[in-house]
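Read the structure below first, then the notes.
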Amino acid sequence: LMSSTEILHRGLDEMEKSCFEAAAADFREVLRREPENLVARNNLAVALKKQGQLDAALAEYQKAIAVSPHKAELHNNLASTYMAKGNFDLALKSFYQAIHLNPDYASPRYNLAHVLYLKGNYDGAIEQYQEALRLQPRSSIIHRDLGDALFAAGQYQQSIIEYRAAERLQDNSVQLLV
């Protein structure tokens, strides 16, 4: 009989191989034994999201947040799932919560900027992209997206500077998980 830890690690290995269904089954087994295991709960939600089961993923993130409401990563993941569903207002709320819990966490700032950009709030997007860059200055992706927001806001000279920075950094960029 495998231990919960062994099953969890097998699930994580399956995630790396993109075997999301098998991984989800392992995470469910761990949760059957340990209902408050946050690693299993978060990874089950990720596996469900990867399979396009967004409502099920949202339910798992909400259960995880009920157990551990102060984890910024959970709020960021919940928000990105809302974003995938096209529910920008709930996504915004959860990104703001993630930033409130951990102001130095770049991913929700980047994601928040993206939602603000999509909603046409270019000044808000620029501000959040700049904060994300402060935290991850070598990210070509953030420089590029900041350039897009600056361009959309009519700040053409500044956008060119960001596009050039993105081009310069492209080969060794830190990739953000969205």
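Things worth noting here:
- Tally, over region 30-39, of residues that are in a helix (DSSP H, G or I) and open to solvent by 30 Å² or more (accessible area, probe 1.4 Å): 4
Listed here are the residues, each with its yes/no results for (1) acidic (D, E); (2) touching a strand residue (DSSP E or B) at 6+ places or on another chain (Cβ under 7 Å); (3) not in a helix (DSSP H, G or I).
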position: L8; (1), (2), (3): no, no, no
position: E14; (1), (2), (3): yes, no, no
position: S18; (1), (2), (3): no, no, yes
position: A22; (1), (2), (3): no, no, no
position: R28; (1), (2), (3): no, no, no
position: R41; (1), (2), (3): no, no, no
position: V46; (1), (2), (3): no, no, no
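- If only residues of region 122-154 that are among the polar types (S, T, N, Q) and in contact with a Phe, Trp or Tyr (Cβ under 9 Å, 6 or more places away or on another chain) are counted, the one that is most open to solvent (accessible area, probe 1.4 Å) is Q136.
- Every listed requirement among (1) buried (at least 23 other Cβ atoms within 10 Å of the Cβ); (2) among the aromatic types (F, W, Y); (3) farther than 26 Å from L58 by Cβ is met by Y110 save one, (3).
- The single condition among (1) farther than 30 Å from R138 by Cα; (2) open to solvent by 30 Å² or more (accessible area, probe 1.4 Å) that L58 does not satisfy is (2).
- Failed item, numbered, when L58 is tested on (1) over 22 Å from L8 (Cα atoms); (2) assigned to a helix (DSSP H, G or I): (1)
- Per-region count, region 64-78, residues open to solvent by 40 Å² or more (accessible area, probe 1.4 Å) and over 21 Å from E14 (Cβ atoms): 5
The values are calculated or read from the model by the stated rules, or taken from the named source; none is laboratory data. If you're wondering where the values come from, they're calculated on a predicted model, not measured in any experiment. Positions of Cβ are generated from backbone atoms using ideal geometry, with glycine treated the same way; all protein chains shown enter the neighbour counts. To get the accessible areas, we keep the full protein, side chains included, count just its heavy atoms, and leave off ligands, DNA and RNA. Shrake-Rupley method; radii C 1.70, N 1.55, O 1.52, S 1.80 Å.
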